[in-house]
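Since the structure comes first, as structure tokens, the remarks are kept for the end.
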Amino acid sequence: MKLDNIDILIENGDVLTINSEMERLENGWIAINKGKVVEISNDPQEKQKYQPTHTINAKNKIVMPGFINTHTHIAMAYFKGLADDLPLYTWLNNHIWPKETAMINDEFVYHSSLHGIAELIKNGTVMFNDMYFRGSETAKAAIKAGVRAVIGEGVLDFPVAGYDGRDSILKYSLSLIEQYKDSPTIDVSLSPHSIYTCSIETLQKVLDMSKKYGLLLHTHLAETKKEFDDSIAQHGKSPTALLNDLDFWSDKCIAAHSVWLTDEDIDILAEKKVNISINTKSNLKLASGFMPLKKCFEKKINLTQATDGVASNNNLSIIEEISTTSKVHKALNHDPTFLPAEQVIKFPTINAAKALGKKELLGSIEVGKQADIITIDTDEIEAQPIYSPYSHLVYNLNSNAIKDVLINGKPIMLNRQLLTLDENEIKDRAKFYQKKMLE
Ligand SMILES: [Zn+2]
């Protein structure tokens with residue numbers, strides 16, 4: 001019998017495909033070649049036809065699509081824990097924005113991004129949708145790490161992070177579009193920070209640019225009650241309605257947070273097929289409020305999961321995030337049957353892939369899709385016995401159980417060892433910047 005040469009075979013795993021039938025293959029295997037999934041099966045005979053260059057033994061492991069984090073500020077890694085226990089506006093105005101003005105340059109963003117991306121990988125993340133400054137440096141770090149990213153330069157009206165205001169940020173965004181137009185792993189978005197940091201004119205300009213270049217729009221929406229109340233006072237309408245009147249919304253929008261939504265706002269977001277990025281732990285920590293998840297779910301809005309930046313979370317664990325989301329919204333609705341594990345696991349996988357325009361390539365393990373796959377250990381005493389892998393993913397495991405990360409069929413982490421980044425160097429650099437931050 002002639003054997004088929006393939007790059008990688010993942011075998012003996014509990015494979016959760018997250019395909020439309022939510023198929024699970026116990027003792028399953030996945031053949032991977034040239035970055036793509038070639039075959040998924042649990043037929044031991046069929047497996048014999050493959051001759052893999054590398055084999056990953058996933059015995060006692062869950063094998064599933066890698067996580068996609070739909071709202072990050074990845075270069076904020078060095079701001080982790082710098083200022084906590086404050087309301088959003090005090091935190092931004094008195095701590096984050098002044099420090100950013102003092103610290104941010106290309107070098108800082110590159111190294112802080114590398115740090116944040118190393119954390120992403122350790123949390124099983126294969127793609128992130130980022131909004132920050134000097135995005136070219138974050139893209140460079142993502143390319144070095146082998147991780148996929150959507151890079152959006154945060155657009156604000158006032159001077160920030162070395163920019164003198166909106167026009168210089170938009171100019172930088174244009175250079176990003178040009179620089180990454182042919183990149184296989186880096187996409188560029190336009191990221192107006194919010195309605196409270198962008199004028200109507202700025203929002204209009206960004207919207208026109210996104211239409212011209214066919215780019216995703218990524219913004220913070222209705223994160224706090226203050227933002228909602230100020231919008232009513234200033235414009236006579238909610239943040240969602242204000243953006244709707246500008247014709248801002250479409251299925252190419254990622255609305256991060258979306259906490260303060262009226263029923264009419266939810267109807268708008270549903271009708272325009274806007275993708276919502278849920279940031280539960282950030283909203284809890286900053287006491288921003290509870291987004292109306294059940295109402296959004298019932299209106300069939302595409303719901304995705306994110307962590308927000310580590311300065312407001314303070315980690316990048318998607319497993320922790322979906323667990324918190326599920327439990328918070330069960331409690332809020334007095335309904336333990338709401339958002340079962342099999343449902344919430346779609347938020348950071350197939351739903352997120354759809355939101356970022358990658359539904360055909362990512363978000364599930366299917367033949368022809370990219371092999372962006374993680375393995376998660378269930379052999380530790382605290383994970384035994386295991387009746388349902390979905391239950392364990394949402395209610396039992398933590399990110400330390402994530403062992404292997406493959407992106408585009410390439411191992412990026414094996415047995416928790418980073419293969420593309422030097423972990424010790426990253427930790428040393430963090431200590432160096434910690435000192436600088438406090439000078
Ligand atoms: Zn944010």
Problem - Helix 106-122 vs. the chain, principal-axis angle (Cα, 0 to 90°, nearest 10) - result: 40
Completion exercise
Fewest-first ordering of His220, His193, His54 by Cβ atoms within 10 Å yields His54, His193, His220
Handout entry: DSSP-defined antiparallel bridges as percent of all bridges, the chain, nearest 5
Key = 40
Handout entry: Calculated Rg and Dmax of region 311-439 using C-alpha coordinates, Å
Key = 17.5, 53
Problem - Globularity index of region 189-297, i.e. its alpha-carbon radius of gyration over 2.2 N^0.38 Å - result: 0.99
Fill in the blank from the handout: Ranked by GNM mean-square fluctuation in the chain (Cα springs under 10 Å), the top entry among Ile402, Ile200, Ile68 is Ile200
Problem - Candidates Thr240, Thr138, Thr185: whichever shows maximal mean-square fluctuation once the chain is modelled as a Gaussian network with Cα springs under 10 Å - result: Thr185
Handout entry: Among Ile278, Ile143, Ile345, residue whose mean-square fluctuation peaks in a GNM of the chain (springs only between Cα atoms under 10 Å)
Key = Ile143
Problem - Principal-axis tilt of helix 225-235 within the chain, Cα atoms, nearest 10 degrees - result: 50
Fill in the blank from the handout: Of the listed pairs Lys205/Lys294; Lys330/Lys354; Lys359/Lys431; Lys99/Lys354, those with alpha carbons more than 29 Å apart are Lys205/Lys294; Lys359/Lys431; Lys99/Lys354
Practice task
Show me 360-371, 381-392 ranked by packing, highest mean number of other Cβ atoms within 10 Å first.
Solution key: 360-371, 381-392
Completion exercise
Note to self: C-alpha centroids of region 170-223 and region 37-113 sit apart, in Å, by 22
Exercise for the section: At 7 Å along the Cα-to-beta-carbon direction for both Asn424 and Tyr89, put a label point, then send me their distance in nm to one decimal. Expected result: 4.9
Completion exercise
Taking the chain and counting helices only, DSSP H stretches of n ≥ 4 at -39,500 (n - 2.57) each over all residues, the nearest-500 ellipticity at 222 nm comes to -10000 deg cm²/dmol
Handout entry: Per-selection Kirkwood Rh - region 124-175 (Cα, Å, 1 d.p.)
Key = 11.6
Problem - Relative contact order for the chain, counting Cα pairs under 8 Å that sit 6 or more residues apart, in percent - result: 20
Handout entry: For region 45-50, 3J(HN,Hα) per residue [Karplus equation, 6.51 cos²θ - 1.76 cosθ + 1.60, θ = phi - 60°, Hz, x = Gly/Pro]
Key = 5, 4, 4, 4, 6, 9
Completion exercise
Among trypsin sites (Lys or Arg not before Pro) in region 233-316, those in a DSSP loop whose Cβ has at most 13 other Cβ atoms within 10 Å are Lys300
Exercise for the section: Please state, as a whole number in µm²/s, the translational diffusion coefficient that the Stokes-Einstein equation yields for the chain at 25 °C and 0.890 mPa s, with Rh defined as the Kirkwood radius across alpha carbon pairs. Expected result: 111
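Taken together, the values in this text are just the output of simple stated rules run on the coordinates, not laboratory data. The shown structure was predicted, so the numbers you read here are calculated from the model rather than taken from an experiment. When we count neighbours, we look across all protein chains shown, and the Cβ atoms used for this are built from the backbone with ideal geometry, even at glycine.
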